[in-house]
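Following: one structure in structure tokens, then a few remarks.
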Amino acid sequence: MNGLIITLFIVFFLVIIYLTPIFRFDGLNRHVLPVLFLTKVGVSFILMLLYTNIYPDRSKADIFKYFDDGKIMNEVVHENPKLFFNLLTGISNDNPEVKVVFSKMHHWYRQWENTTNNDNHFIIRVNAFLFLFSFGIYQVHSIIFCFFAFLGSVLFYRGLKNKIIELPMVVLFLFILTPTILLWTSGNLKEAILLLGLGLFFYGSFGLMKNNKIQFKNSLIAVLSIFILLSIKSYVLYLMIFLLFAYLHNSFHKVKHPIINYFGVFCLGIIAALILGKYYPSYDFVNLISYKQRDFYNLAFEQNSGSILYCPRISNSIISLILAIPVALFNVVFQPFSLSEPLKLLATFENLYLLVFPLLAIAFFNKSNFIKYQNEIIFCFAFVLVLYILIGLTTPVAGAIVRYKMPALFFYMIGFLLLIDFTKLSKYKLLSKWKILF
């Protein structure tokens with residue numbers, strides 16, 4: 001029976017992909033995207049097998065733990081629908097009945113709480129809601145999360161295409177098939193929802209204005225994306241908004257050297273953060289990063305993680321943070337580098353594959369694109385640099401680094417792809433049959 005239900009859900013999403021205009025692209029065979037979605041679903045089943053073998057303790061397996069806590073939340077729906085509604089919406093969190101349900105979960109409360117948003121809550125609530133029609137089957141949840149991420153990739157590409165006409169079709173394939181994106185957004189994980197939020201954000205934002213009129217539909221999409229990003233990985237949204245100040249100023253004033261505004265925004269941001277930390281110590285960004293790093297080390301040692309990396313410990317001094325940045329960047333760019341385990345081998349291959357992008361940008365440099373899209377290119381690389389630094393400083397575990405840098409990979413690829421002259425590249429015989437991608 002489970003197999004039939006799983007098959008019906010796969011067919012349901014395939015029908016959506018075939019019939020919905022958002023999944024149609026001129027010149028692209030209509031069967032390509034459904035095949036890519038099926039690939040993603042297949043990877044989700046492989047991920048489930050990997051986690052089943054790697055983590056005998058189900059409560060520590062990321063793809064299961066939010067599903068299991070969602071099940072606990074959903075169990076109250078029949079006996080007390082009002083309580084379930086309160087749990088799902090966050091209303092009356094101080095209610096004793098609500099707290100009893102929270103206490104039964106393993107991951108609602110973090111072991112080391114701080115002032116940053118607890119994004120476990122959102123994904124647990126999503127799973128609790130999905131239990132209403134998933135028949136309690138894990139694979140159904142996984143397939144739905146696959147569709148979230150798949151839709152996010154397509155919307156991300158469409159949004160960028162509205163802004164950057166020259167963006168080649170190959171970008172869409174990279175947004176779906178790059179190993180980290182394909183693997184870690186193909187399961188019941190936060191990264192799948194994060195990708196949906198990013199896709200909605202760029203699709204809604206870049207389609208906000210048309211003929212000098214605000215588009216209502218795109219406004220709603222943009223608002224929804226902000227809600228999702230705030231709930232799941234708020235720092236990604238804050239970073240994008242932070243950089244958008246420089247980007248919009250450069251766009252409206254046609255600045256000759258846009259990098260100066262990005263540098264200025266960074267300086268103002270650091271000054272503002274230092275002032276905020278002085279008057280509100282609980283929001284001191286150096287301390288927050290220090291606590292996050294400490295908590296991650298504690299968790300890694302407690303779970304006997306086999307991929308702990310060295311990173312200088314950050315004290316409550318900004319000097320200690322600055323001195324740790326080179327090691328942090330090295331870890332994010334080059335780690336893991338290992339041939340010992342399947343997942344580490346895949347990450348090693350991807351690190352080498354990502355080095356191809358700057359090499360292609362040098363060999364097939366597109367000067368006209370560099371001039372035309374200088375603002376967009378700097379935005380992308382600034383996002384990558386800051387996110388890489390934050391991840392490297394707070395995450396001393398190689399496996400977690402691979403997952404957390406997923407959103408940066410989109411901007412990394414876009415930045416370098418805008419520097420590549422695909423007209424020259426497509427002239428090579430090996431690629432001549434795939435001109436539609438360029």
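Could you check the stretch 80-95 and list, in sequence order, the residues that are of a type outside the set (Val, Ile, Thr) and at pLDDT below 85? Those that are of a type outside the set (Val, Ile, Thr) and at pLDDT below 85: Gly90, Ser92, Asn93, Asp94, Asn95. Of everything listed in (1) free of Cβ contacts under 8 Å to residues at least 24 places away in the same chain; (2) closer than 20 Å to Leu182 by Cβ, the single unmet condition for Phe357 is (1).
Could we say that Lys104 is over 22 Å from Thr185 (Cβ atoms), charged (D, E, K, R) and in contact with a helix residue (DSSP H, G or I) (Cβ under 7 Å, 6 or more places away or on another chain) here? For Lys104, the condition - over 22 Å from Thr185 (Cβ atoms), charged (D, E, K, R) and in contact with a helix residue (DSSP H, G or I) (Cβ under 7 Å, 6 or more places away or on another chain) - is met.
Every residue, every condition in (1) out of contact with any Phe, Trp or Tyr (no Cβ under 9 Å at 6 or more places or on another chain); (2) free of Cβ contacts under 8 Å to residues at least 60 places away in the same chain, yes or no:
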residue: Asn2; (1), (2): no, no
residue: Val11; (1), (2): yes, yes
residue: Gly27; (1), (2): yes, no
residue: Val41; (1), (2): no, no
residue: Asp69; (1), (2): no, yes
residue: Asn74; (1), (2): no, yes
residue: Phe84; (1), (2): yes, yes
residue: Gly90; (1), (2): yes, yes
residue: Lys99; (1), (2): yes, yes
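Please verify whether the stretch 270-290 includes one or more residues that are under 30 Å from Leu352 (Cα atoms) and in a helix (DSSP H, G or I). Yes: one or more hits.
If you go through the stretch 185-206 one residue at a time, do you hit one that is over 20 Å from Ile144 (Cα atoms), of a type in the set (Gly, Ala, Ser) and modelled with pLDDT of 80 or more? Checked against the condition, which is being over 20 Å from Ile144 (Cα atoms), of a type in the set (Gly, Ala, Ser) and modelled with pLDDT of 80 or more, the stretch 185-206 yields at least one hit. The residues of the stretch 16-56 that are farther than 16 Å from Phe173 by Cβ and more than 26 Å from the chain's Cα centre (by Cα), listed by number, are Leu19, Pro56. Among the residues of the stretch 336-348, those identified as over 16 Å from Tyr412 (Cβ atoms) and either at pLDDT 85 or above or not β-branched (Val, Ile, Thr) (or both) are Pro336, Phe337, Ser338, Leu339, Ser340, Glu341, Pro342, Leu343, Lys344, Leu345, Leu346.
Yes or no, residue by residue, for (1) touching a residue at least 40 places away in the same chain (Cβ under 8 Å); (2) in contact with a strand residue (DSSP E or B) (Cβ under 9 Å, 6 or more places away or on another chain); (3) buried (at least 22 other Cβ atoms within 10 Å of the Cβ); (4) under 30 Å from His78 (Cβ atoms):
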residue: Arg125; (1), (2), (3), (4): yes, no, no, yes
residue: Phe129; (1), (2), (3), (4): yes, no, no, yes
residue: Gly136; (1), (2), (3), (4): yes, no, no, yes
residue: Ile143; (1), (2), (3), (4): yes, no, yes, yes
residue: Cys146; (1), (2), (3), (4): yes, no, yes, yes
residue: Phe150; (1), (2), (3), (4): yes, no, yes, no
residue: Ser153; (1), (2), (3), (4): yes, no, yes, no
residue: Ile164; (1), (2), (3), (4): yes, no, no, no
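Output yes when any residue across the stretch 360-382 is of a type in the set (Val, Ile, Thr), buried (at least 19 other Cβ atoms within 10 Å of the Cβ) and modelled with pLDDT of 85 or more, and no when none is. Yes, the stretch 360-382 contains a residue that is of a type in the set (Val, Ile, Thr), buried (at least 19 other Cβ atoms within 10 Å of the Cβ) and modelled with pLDDT of 85 or more. Do you know which residues across the stretch 235-283 are hydrophobic (A, V, I, L, M, F, W, C) and within 22 Å of the chain's Cα centre (by Cα)? Matches in the stretch 235-283: Val236, Leu237, Leu239, Met240, Ile241, Phe242, Leu243, Leu244, Phe245. Here Phe37 qualifies as touching a residue at least 24 places away in the same chain (Cβ under 8 Å), in a helix (DSSP H, G or I) and buried (at least 17 other Cβ atoms within 10 Å of the Cβ).
Take the conditions (1) more than 23 Å from the chain's Cα centre (by Cα); (2) modelled with pLDDT of 85 or more; Lys65 misses just one of them, which is (1). Counting only residues that are touching a residue at least 40 places away in the same chain (Cβ under 8 Å) and surrounded by 17 or more Cβ atoms within 10 Å (Cβ to Cβ), which one in the stretch 338-349 is nearest to the chain's Cα centre (by Cα)? The qualifying residue nearest to the chain's Cα centre (by Cα) is Ala347. Say whether the condition of being modelled with pLDDT of 85 or more, among the β-branched types (Val, Ile, Thr), under 30 Å from Gly199 (Cβ atoms) and surrounded by fewer than 17 Cβ atoms within 10 Å (Cβ to Cβ) is met by at least one residue in the stretch 247-256. There is no residue in the stretch 247-256 that is modelled with pLDDT of 85 or more, among the β-branched types (Val, Ile, Thr), under 30 Å from Gly199 (Cβ atoms) and surrounded by fewer than 17 Cβ atoms within 10 Å (Cβ to Cβ).
Among helices (runs of 4 or more DSSP H) entirely within the stretch 47-157, having at least 3 residues that are among the acidic types (Asp, Glu) and under 29 Å from Ile289 (Cβ atoms) singles out no element at all. Does Ser320 count as polar (S, T, N, Q) and either part of a helix (DSSP H, G or I) or modelled with pLDDT of 75 or more (or both)? Criteria met by Ser320.
The values are calculated or read from the model by the stated rules, or taken from the named source; none is laboratory data. Treat the numbers as computed from the prediction; the structure is a model and nothing was measured. Ideal geometry is used to build each Cβ from the backbone, glycine not excepted, and the neighbour counts take in all protein chains shown.
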